[in-house]
Every structure is written in structure tokens, then in C-alpha cells.
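**Student:** So that we are looking at the same thing, I have put the structure below in C-alpha cells.
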Amino acid sequence: MTTKPSCLYCGHCGGEGPTSDAHQGCRQRLAMEPPRFCPQCSRRMKVQVTPWGWTGECSRHGSLGS
């Protein structure tokens, strides 16, 4: 697994600028569920949730994990 990449896109909705005030609701949701979009390119990720955490896979940037 790779380390956390720099976040250019929101992991919940895929929008730009995940630290802006417009994404406050997204940040709250991401505290309880895994990201669905790649934070580097905003592509939809394949996400698998297990009792021990989650893994996400971007077709371009590889794997992410909890």
C-alpha cells in the first residue's frame, strides 16, 4: 500500500479543494466511511470494507488503505 497522497480532490464527492468550507459535510462523512474517489485524480475507486478497515484501488494510482 502507498502512503497518503497529497489531497487535490475530495475523497467523498470527487470535487476540487477538499479543505474548502464547501466540503465540510464531506469531511464529516469521511470520518465514518471510506473515500470513494481518488484524492489525486478524482477517479472513482474500487473500495472494499472489512471489519478491520478498508482498502481502495485507483486504476491509475494504485492502492490506498485505512
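Each reported figure results from applying straightforward, stated rules to the coordinates on display, with no laboratory input. Bear in mind the structure is a predicted one, so any value in this text is a computation, not a measurement. So basically every Cβ, Gly included, is an ideal-geometry build from the backbone, and we count neighbours across all protein chains shown.
**Student:** Between THR50 and ARG27, what length in nm is gained on full extension when 0.36 nm per residue of separation is reduced by their alpha carbon distance?
**Tutor:** Computed gain between THR50 and ARG27 is 6.2 nm.
**Student:** Excluding VAL49 itself, calculate the net charge of residues whose Cβ lies under 15 Å from the Cβ of VAL49, where each Lys or Arg counts +1 and each Asp or Glu counts -1.
**Tutor:** Numbers: positive: ARG29, ARG36, LYS46; negative: GLU33, GLU57.
Surrounding charge for VAL49 is +1.
**Student:** Sort all Cα-Cα distances of the chain into consecutive 5 angstrom bins from zero, then give the percent of pairs in each bin up to the one containing the longest distance.
**Tutor:** Pairs per bin, as whole percents: 4, 20, 30, 27, 14, 5, 0.
**Student:** To the nearest 500 deg cm²/dmol, what mean residue ellipticity at 222 nm is calculated for the chain from DSSP H runs of n ≥ 4 alone, each contributing -39,500 (n - 2.57), summed and divided by the residues?
**Tutor:** Dividing the helical sum by the residues of the chain leaves -2500 deg cm²/dmol.
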